[in-house]
Structure formats: structure tokens, C-alpha cells
Amino acid sequence: MGDSLDDREILELRQLCTSGGLAQDSLASLIDAGLAVPALVRSEAAAMANAKKAGLGLAERNKLREALRRHKDNVLSAVEPEIVEIGDDAEAHHIVAAQHHMMELRRKARMQMDEEAKGVEVVKNGNICAGYRWTQELTELTVSIELPPGTAKRDVVCKISPGTLECGLRGQPPIVAGSLFAKVRVDDCMWQLQDSHRLIVTLQKLIIDEKGRVWWPCLLQGEPEIDTSKCEEGEGTNLMTSSGQRLRIQKIELPEVKGERKYDPVKAEKAWKDFFEKFPDMGAWEITFKGDSDKSMEEQLVDTIEKSLSRDKAEWEKPQSITDDWA
């Protein structure tokens, strides 16, 4: 992507798009991306890739390709390259001014959409409340609390009892405070300060038997409740990012092995390398399933991934006793 275009570049790009029959919205997208004509004609492949990033659909990219091919010789001519000069042309100034006005309207529209999007953010398996967000799986809950930038660990207060939760900054009223929907295992609860502005608290649900594996309709008693019939295992939101991306864990069914199991380490290593060459954006963790564990394979998988995700983020801390003072 290039820098902002000057008036001459805007006019030249408009003439190119007009001759190619591109829509006004496509022209605006190209200007937004800073794609000047000389840069576009140098490499057709790069031009198409950048046009796609700018938001042009396939049909519009095809029109742009044909326009660039017709325009290429004129722009790259070493003898007499075609340069658009604005000079005292009143019509050209009018066109550029109109284009700038449209770009300003687009910028304001994007800002408005961004603001509106903040109000409709959805946290899967949880909810967005005043000052914090929470999500859950059947065995645990995660709470994300936004703090002022530059917050230090010593300023954080996190108090957890089997039935209550209080979190916030030392010397100030708590941001989260109240009775939990159900009890938690305090000894297994942890917290971390992420990026000096986000407090992440994990609460392990107190599960006596299989009947205790239930979805919570709310984190704290009295807050708005969610529809737990829409909760799904492995769909809890990753609250360690400000965008609230979801972390999906998909169960993999392994084929039944008949006869003697044969393991070829050479083939296994090759298959491993081939997979990551094909999917370079994928990540992986080494997982060892314990047959004598009281947790299912899915629960062990979730635990391993969550620990791997948080390992490089920040050091997890044990919560203070609920009897500690805030001061």
C-alpha cells in the first residue's frame, strides 16, 4: 500500500478508472489505499493483490487489469510518459476537490461504523457488563477487566472466595464485586495483568459430580442473564485480546486401529513438516494425554491450549484472600 496521493495522482487515477469503467466506490478504495497509477502499472500481479486488499471485487479488478494494460505503455514510456498536469484547469480542480470531499465522508462513515461496532460486540458463552466481560466453558470461567494503561501489579486487587469475587485497583472502589452465580475452587483460581491494562481472572467451577457441569447464565448474581441453550463447548471467547476473538477447539475423531499398531517416526516427521508448509499460519502445542486423569481428553486439550496461550503473555498470580483490605 502506498502513501496518500497528491492532487495530480488522484486526477490521473480517476481518469484511469473512468476509462476502464470502474465504479466510483472502487476509485475511492484505490485512493484510500494510496495506489497511484505508476505503481499499479509496474506489476500486474502486485496491482491485483493490492486492489484486492483495498476491497475491490473480482469484476472490478478485471476492469482495472484491462485499464492498466491499455495505460501501461503511456505511463512507462521512456520517451514521453503521459503525465497529468492540473495547471489552471478549473474542471480538474473541481474534480479533485469533489474527490477529497468524498474521501472525508468515507472516513467519517468508517469512524461511525467502528463506534457502532463497539456497542454490538458479542462474547460467546458469556456477556459484556459494565467495566468487564466474561466467558466460560463447562469447567471454568474467564473474566476480562479493562484497567488504566500503565497499571502495575502492585496496584491490582483480586479477591476470590468460594462464592464471591472482587476485583479492581487498590484504594479505589472495586470494578467487579458481588456474589458469584455458583461456587468456585479458590485454590485453582488465578489472575494475570496483561499488557499493563487488562486484568484476566480465571475461575474454576466447583464441580462435585457430572450434574455440576452446567453453563452459568451470569457471572454475578443480579446481572443480566444469557441464554445458556446457545452455549457450546469449545466456543468460549478468547478474552486475552481486546477484540474478543473466539477460540474454537474442534474434536478430532481418530480412526479405529486394527491389528498391530505400526509407528514410523520418519513418516510422522515428514507429515508434520508437510502440514505446516501447507498451513503456515497454524500453531501447535505438544500434548500428552494422561489415561489416569479425572479429566476427559477434551478438557485436557483445553487446559493445555489455554496454558500455552498465556505462558508468554504474563505471569499468573494467585488471588488475595477475600479478607484482605482494599487500602
Report summary line: Here, strands (runs of 3 or more DSSP E) confined to segment 171-245 with at least 2 residues that are surrounded by 13 or more Cβ atoms within 10 Å (Cβ to Cβ) and more than 25 Å from the chain's Cα centre (by Cα) are 176-179
Query raised in the report: Hey, among Ile322, Ile305, which residue is under 25 Å from Ser144 (Cβ atoms) and modelled with pLDDT under 65?
Result: Ile322
Report task. Might you check whether a residue that is at pLDDT 85 or above and of a type in the set (Lys, Arg) occurs anywhere in segment 32-43? Result -> no
Query raised in the report: Considering only helices (runs of 4 or more DSSP H) fully contained in segment 1-64, which possess at least 2 residues that are among the β-branched types (Val, Ile, Thr), outside the structural domain of Arg106 (by TED's automatic domain parsing) and closer than 19 Å to Ala97 by Cβ?
Result: none
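With respect to His93, determine if the residue is modelled with pLDDT of 75 or more, surrounded by 11 or more Cβ atoms within 10 Å (Cβ to Cβ) and not assigned by TED's automatic domain parsing to the domain that holds Ile226.
no
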**Report entry** Residue within segment 229-244 that is touching a helix residue (DSSP H, G or I) at 6+ places or on another chain (Cβ under 6 Å) and either free of Cβ contacts under 8 Å to residues at least 40 places away in the same chain or farther than 12 Å from Glu137 by Cβ (or both) present
**Finding:** no
Requested in this report: Go through segment 128-148 residue by residue and tally those that are more than 16 Å from Glu299 (Cβ to Cβ), in contact (Cβ under 8 Å) with a residue 24 or more places away in the chain and either in contact with a helix residue (DSSP H, G or I) (Cβ under 7 Å, 6 or more places away or on another chain) or of a type in the set (A, V, I, L, M, F, W, C) (or both).
Outcome: 5
Query raised in the report: Taking the condition assigned to a helix (DSSP H, G or I) and surrounded by fewer than 21 Cβ atoms within 10 Å (Cβ to Cβ), does Ala67 pass?
Result: no
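The values are calculated or read from the model by the stated rules, or taken from the named source; none is laboratory data. Being a predicted model, the structure only gives us computed values, none of them experimental. For neighbour counting, all protein chains shown are included, and Cβ atoms are generated from backbone atoms with ideal geometry for every residue, glycine included.
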